[in-house]
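The values are calculated or read from the model by the stated rules, or taken from the named source; none is laboratory data. These numbers come from a predicted model, not from an experiment. Cβ sites come from the backbone with ideal geometry, for glycine too, and all protein chains shown count toward neighbours.
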Amino acid sequence: MAVRPADLAVGAELRPRSGAWTTLGRFFRKKPLGAAGGVLMLAMALTAVFAEVLQTHDPIATDAAYTLGAPRAEHVFGTDHLGRDVYSRIVHGARVSLIVGLASTLLGSVLGGIIGLLSGYVGGKTDLIAQRVLDILQGLPLLVLAMVVSAALGPSIQNVIIAISVPIIPRAARVIRSSVLSIREMQYIEAARALGVRHLRTAFRHILPNTMGPFIVLCTAQLGSAILVEATLSFLSLGVPEPYPSWGRMLSVSATEYAQKAPHLVLFPGVAISLAVFGSNLLGDALRDVLDPRLRGA
Amino acid sequence: MKTYVLQRLVIAVLTLLGMSLVIFTLLRLAPGDIVDILFSTAGYVSPSEKQAIMKELGIDRPYWVQYLDWLRQIASGDLGKSYRYDLPAWQIIRPLLPVTLELAALSMVFAVALGVPTGVISAVRQDTGLDYVLRIFSLAGLSMPAFWLGMVIILTLVTWLQWIPPLTYVSPAQDLKLHAVQFLLPALAVGYRSSALIMRITRSALLEVLREDYIRTAWAKGQGGRVVIWRHALKNAMLPVITVIGIEFAFLIGGLVVTERVFNLPGVARFLVDAILWRDYPIVQNLVMFIAIVVILANLLVDMLYGVLDPRVRYGS
């Protein structure tokens, strides 16, 4: 599916020249909340990438002399029950949260997207069967399904990613299918078929690119929920295993146990989760308004 | 109507069958069988003893026999046995059910009571400062983990009011007031999240209805704002809201899983997590199936309600 240079040249000539910055500026003005969400997500991504630079301590180094320490200059967010620096663990937790969130969202959305594309394009009995199977996956509460998958596969980062992606598949398939159903009826698809373009090529080359808008909206919306599910699974010790610092795990048993003595153990990881999810929700809402007007306000 | 109900029922049964297959397969994927897990703490177990237990549990038979046997068991309403407690599962779950049901109902009431009015206000005052504040408020509800919100509520009470919530379950017969408080706090934490979804749907549904001709007619004939919005518009905007309430019911169970744990309430959801952590898979299998049945029934009920609430919906005429 290589893009020929000729295609690029034609596209560039036809499109009115509005630079990326102008577009971004317009987005900021029209959707201040979405822009705020974007800034939050960017901050999270930067934290995840530069965790080693931002950390003040080794996130897994323990300090028996200063356990459950209150926030002070040396440990800005305090220390946990093993004397580990909470701030450094939160910084590294951003990496775990973002990796698990992004990977599971992409895995679930791509798998679901392919199912949705094929089921919408082929239609008929295939579609009917696919829809019923998706009903089954969607019928179970998201967290319960993720919990069972995670328990069945055993604790590891890869398995958590799979566990979170499974419930995303039916949701992604629904979104892509419904947009494929309307694109399929367009005249240019008929034209492509008349020109003798094979089915598989029509589906992937001519229909798929036009579902990108809803796909991006879907991914942003699911990212927040994936981060939330990861936190919840880790909180229940069904998620990311030690020694990786995970926000949900930081809130787990130890935090509950020492909550009264060291409220900072509860406060900071929770704020981190909430901000990350809040950011992706804000961004997702704004992107939906811009890219997919049909779903506006839904 | 009759054919529609029948059709929905057949689909519901087929979906449940599919779910049972998914659940059954998933739990067979788990590393190690129940016998290994049961005896992992006991150290060495003689092979003959292991064989005897496998036979007793019926897991020496082929998978399809086990599956069919399990289906027959569920169909007859038998929830099996918990290996950890060595008791029939139903005997353990039954006292936990009222706790979860009460919590779910309270959360839902709270979610609707908060979500619908804020959604209406937000729609009527579209794009004003108030609308923005309410939307941020609801989005915050979607962003905070319910279990964390619960922890913060407890922590606030303890630190500022020096009031420690009861650590064990208080039955209404023991102390009605304490019981109410014990349930209201987690209901608040779980309901806030659901209210956010209800608020968003109410807002968008109402915005759509408010643009319709008959609403303009109502305004034109001089009807007051309150009557137009609450009687004319909201009635038609409620259909998607009810769908969400039905779907939310399923999500609520997910929210309860952690909240019951944080608030130390002996409910079914907390028991499910414990059973998963103890790897008491037979009971996990039955509990998840039980949840699936409840969810499907809730969805079926919502579908049926459509026809009653909205005469425009005609079932397969």
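Points to keep in mind about this one:
- Of the criteria (1) assigned to a helix (DSSP H, G or I); (2) closer than 27 Å to B:Leu103 by Cβ; (3) within 12 Å of chain A (Cβ to nearest Cβ), which one B:Met238 fails: (3)
- From A:Ile129, A:Ile115, residue being at pLDDT 85 or above and within 20 Å of the chain's Cα centre (by Cα): A:Ile115
- Residues of segment A:124-161 satisfying the condition of being without any contact (Cβ under 8 Å) to a residue 12 or more places away in the chain and not in a helix (DSSP H, G or I): A:Pro141, A:Gly154
- Scope segment B:136-148; condition part of a helix (DSSP H, G or I) and at the interface with another protein chain (Cβ under 8 Å from one of its Cβ atoms); matching residues: B:Ile136, B:Leu139, B:Ala140, B:Leu142, B:Ser143, B:Phe147, B:Trp148
- Exclusive hit being outside any loop (DSSP other than H, G, I, E, B) and surrounded by fewer than 22 Cβ atoms within 10 Å (Cβ to Cβ), set A:Ala103, A:Ala65: A:Ala103
- Test for A:Ala45: is it closer than 23 Å to B:Leu139 by Cα, out of contact with any strand residue (DSSP E or B) (no Cβ under 8 Å at 6 or more places or on another chain) and touching a residue at least 40 places away in the same chain (Cβ under 8 Å): yes
- Among the residues of segment B:209-224, those identified as buried (at least 17 other Cβ atoms within 10 Å of the Cβ) and either of a type in the set (Phe, Trp, Tyr) or within 14 Å of chain A (Cβ to nearest Cβ) (or both) are B:Val209, B:Leu210.
- So B:Ala220, is it small (Gly, Ala, Ser) and within 22 Å of B:Ala105 (Cβ to Cβ): no
- Output for segment B:156-185, where each listed residue is within 14 Å of chain A (Cβ to nearest Cβ) and either under 25 Å from the mean Cα position of the chain (by Cα) or among the polar types (S, T, N, Q) (or both): B:Thr156, B:Thr159, B:Gln162, B:Pro165, B:Leu167
- Residues of segment A:211-243 satisfying the condition of being outside any loop (DSSP other than H, G, I, E, B) and more than 14 Å from every other protein chain (Cβ to nearest Cβ): A:Thr211, A:Met212, A:Gly213, A:Pro214, A:Phe215, A:Ile216, A:Val217, A:Leu218, A:Cys219
- Only a single item in (1) touching a residue at least 24 places away in the same chain (Cβ under 8 Å); (2) surrounded by fewer than 17 Cβ atoms within 10 Å (Cβ to Cβ) is not met by B:Asn286, and it is number (2).
- Given (1) part of a helix (DSSP H, G or I); (2) buried (at least 18 other Cβ atoms within 10 Å of the Cβ); (3) not small (Gly, Ala, Ser), index of the condition B:Thr156 fails: (2)
- Exactly one residue out of B:Thr259, B:Thr243, B:Thr202 is touching a Phe, Trp or Tyr at 6+ places or on another chain (Cβ under 8 Å), of a type in the set (Ser, Thr, Tyr) and under 30 Å from B:Trp148 (Cβ atoms), and it is B:Thr259.
- Qualifying residues in segment B:271-313 (those that are touching a strand residue (DSSP E or B) at 6+ places or on another chain (Cβ under 8 Å) and not small (Gly, Ala, Ser)) - the one modelled with the highest pLDDT: B:Ile283
- Search result, residues across segment B:251-283 that are buried (at least 23 other Cβ atoms within 10 Å of the Cβ), within 7 Å of chain A (Cβ to nearest Cβ) and within 18 Å of B:Tyr83 (Cβ to Cβ): B:Ile276
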